[in-house]
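Report on the following structure.
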Amino acid sequence: MKSLSTQVVIVGSGPSGLLLGALLHKAGVDHIIVERQSGDYVLGRIRAGVLEQGTTDLLDYVGVGARMHHEGLRHDAFALIFKGAFHRINISDRQGGKHMTVYGQTEVTKDLMDHRSKLGLQTIYEAGDSVAVHDFDTDHPRVTFNKDGESYEIKARFIAGCDGYHGVCRASVPAGSIQNFEKVYPFGWLGVLSDTPPVYHEVTYSNTERGFALSSLRSNTRSRYYIQCGMDEKVENWSDDRFWTEFKTRIDPDAAKRLVTGPSLEKSIAPLRSFVAEPMRFGSMFLAGDAAHIVPPTGAKGLNLAAGDVNVLSQAIVEYFQEQSVAGIDNYSSRCLRRVWNAERFSWWFTSLMHKFPDTEGFGQKIQEAELDYLVHSEAALQSITENYVGLAH
Ligand code: FAS
Ligand code: PHB
């Protein structure tokens, strides 16, 4: 067995792991990232698209904000459609100039990967399913994996579980030491990426009697659209034509007329769930991002929550090594969980407001329309939704 050692082993090279690595490196803390898949595989996943200002500030802080500012789109508002009417909701006027940036997770991941390469930071890709975590209830945890026929062991002071919902870190915690809270929604999102001009120039959420739809974008020439679909839907049953026909029924009539359709570059169905694991720390191992929590993507919180976790975690780890203080690491879980549960509530509320639920169809639709009508005409309600949408402090 080949033995390596570092201060922190990060399991997973999605946004959480990559951003944590960049933050630790900037503070002079040595780390290694171990990733199950190849770098190309990680880059091939099409996921989030909207960044809170807290996230873009962190990307600037670690020095990877240049392309984001050049290619990303500043958004000062989003829109709601219900009963066929379009309602623009200004965020920045209500939230002290805070705004969102539309810049795909794929691009964030690429920028962070390129940053690592330039700095010569160690990322071990294609470790496959052999990755295992050991002794994290001690001060000398280890991560082992096999690659190219060789066995490896990495000794470290801390393990950061940034390995997503299906990762190995949370799964390695003894059942009696962790509590999982979960809600699975009775529908999914069928998403399409297409090189077509976005039908709306801002992120637009639709509530219709046929179900939810989301109109987003990656640039002024690349659209990202979603429609609510059944949990048992199969993506192979959705031709592009079938998608576009259904999508048109879920946006306002004028938009349906001007919608430019085209071939899908990517088409996939994502299940929707709310999930939180408590606590987020187990001795020398910390969970961050999707490894610890999942939100339905309605509120565009998933990636942004992950950024908040690793911001807090990096500060705690740096404090430990530089000041020999355990205050930050002892406080990590409770501090993150407060923000996580706030985002879980908002994402659950927004999902419940915008989607069609099989069991409450008629009355439920009328209640949703009444709440949306109240929302767009109440300054107090608009303050609340924009405060949550733009993101709460880390
Ligand atoms: P990730 O899952 O992104 O990354 C975890 C990494 O760990 C992966 O690279 C994985 O290969 C690796 N890994 C897993 N097991 C491992 C092991 N045993 N050993 C080593 N490595 C391992 N959020 C939004 O805000 N908007 C959206 O529209 C949106 N859409 C989504 C669609 C889908 C299908 C999914 C799954 C998520 C979506 N999300 C969305 C949420 C998503 O963006 C996450 O919040 C974000 O990817 C979180 O990043 P990570 O915590 O790094 O987890
Ligand atoms: C996206 O662009 O993928 C996106 C935007 C807003 C959301 C979810 C996803 O709430």
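The values are calculated or read from the model by the stated rules, or taken from the named source; none is laboratory data. All values reported here derive from a predicted model rather than from experimental measurement. With ideal geometry, Cβ positions are generated from the backbone for all residues, glycine too; neighbour counts draw on all protein chains shown. Only protein heavy atoms, including side chains, enter the accessible area calculation; ligands, DNA and RNA are left aside. Shrake-Rupley method; radii C 1.70, N 1.55, O 1.52, S 1.80 Å.
Odds and ends about this structure:
- Failed item in (1) away from ligand 2 (no atom under 14 Å from the Cβ); (2) surrounded by 17 or more Cβ atoms within 10 Å (Cβ to Cβ); (3) under 22 Å from T351 (Cα atoms), with A213 passing the rest: (1)
- Odd one out for L112, checked against (1) of a type in the set (A, V, I, L, M, F, W, C); (2) touching a residue at least 60 places away in the same chain (Cβ under 8 Å); (3) in contact with a strand residue (DSSP E or B) (Cβ under 8 Å, 6 or more places away or on another chain): (3)
- Matching option when the condition is within 27 Å of V62 (Cα to Cα) and either free of Cβ contacts under 8 Å to residues at least 40 places away in the same chain or of a type in the set (K, R) (or both), among A316, A306, A256: A316
- The range 224-267, residues that are basic (K, R) and crowded, with 19+ Cβ neighbours inside 10 Å: R224, R250
- Elements of type helices (runs of 4 or more DSSP H) contained in the range 1-64, each with 2 or more residues being more than 15 Å from ligand 1 (Cβ to nearest atom) and either at pLDDT 95 or above or not hydroxyl-bearing (S, T, Y) (or both): 15-26, 53-61
- Any hit, the range 284-294, residues being more than 16 Å from ligand 2 (Cβ to nearest atom), assigned by TED's automatic domain parsing to the domain that holds Q105 and either open to solvent by 10 Å² or more (accessible area, probe 1.4 Å) or of a type in the set (S, T, N, Q) (or both): yes
- Sole residue being under 16 Å from the mean Cα position of the chain (by Cα), modelled with pLDDT of 95 or more and in the same structural domain as G167 (by TED's automatic domain parsing), chosen from P279, P297: P297
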